[in-house]
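Undergrad: Dropping a structure here in structure tokens format, bear with me for questions.
The values are calculated or read from the model by the stated rules, or taken from the named source; none is laboratory data. Since the model is a prediction, treat every value here as computed from it, not as a measurement. So basically every Cβ, Gly included, is an ideal-geometry build from the backbone, and we count neighbours across all protein chains shown. These accessible areas exclude ligands, DNA and RNA; they are computed on the full protein's heavy atoms, side chains included. Shrake-Rupley method; radii C 1.70, N 1.55, O 1.52, S 1.80 Å.
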Amino acid sequence: IGFKFLLNWEQLRMEIVGQASDGEQGLELIQRLRPDVVFLDIKMPKMDGLNMLKQLREANCDILVIIMSGYAEFSYAQQAIDYGVCKYLTKPIDTEILEAIVKKIVCQLDEKQNGSEYAGML
């Protein structure tokens, strides 16, 4: 099932502002659209998620990043933590856990942005 169908994003006050088929395209979209939250995978064509995350941090992008991966290996999670990932979820994704995380993130963004109606994400 597609990621955008996992939750009722509008009800959670989130809007999907972009979607990429590979890491290079994702990085370009993030830099252009500047979403508040990015969901990414470890394994992606052209550029993996950890390299993408590293480049975002090197560019001082203050974006909340949630990794959703089929890889539960500690080394991936440890590297993601070093790059400041917000959450590391393993597939299959538990929608109740994902919804709780999204609600918490929206509250954090509300505090940061003083009540913005929607948060953009990729």
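Undergrad: Would region 52-59 turn up any residue that is loosely packed, with under 14 Cβ neighbours inside 10 Å and more than 19 Å from D110 (Cα to Cα)?
TA: Taking every residue of region 52-59 in turn, at least one turns out to be loosely packed, with under 14 Cβ neighbours inside 10 Å and more than 19 Å from D110 (Cα to Cα).
Undergrad: Moving to a separate point now. One residue is enough: does region 74-84 have a residue meeting the conditions hydrophobic (A, V, I, L, M, F, W, C), modelled with pLDDT of 90 or more, in contact with a strand residue (DSSP E or B) (Cβ under 7 Å, 6 or more places away or on another chain) and open to solvent by less than 20 Å² (accessible area, probe 1.4 Å)?
TA: Checked region 74-84: at least one residue is hydrophobic (A, V, I, L, M, F, W, C), modelled with pLDDT of 90 or more, in contact with a strand residue (DSSP E or B) (Cβ under 7 Å, 6 or more places away or on another chain) and open to solvent by less than 20 Å² (accessible area, probe 1.4 Å).
Undergrad: Can you tell me which residue is nearest to the chain's Cα centre (by Cα) among those in region 87-102 that are open to solvent by 50 Å² or more (accessible area, probe 1.4 Å) and touching a residue at least 24 places away in the same chain (Cβ under 8 Å)?
TA: Top of the filtered list is E99.
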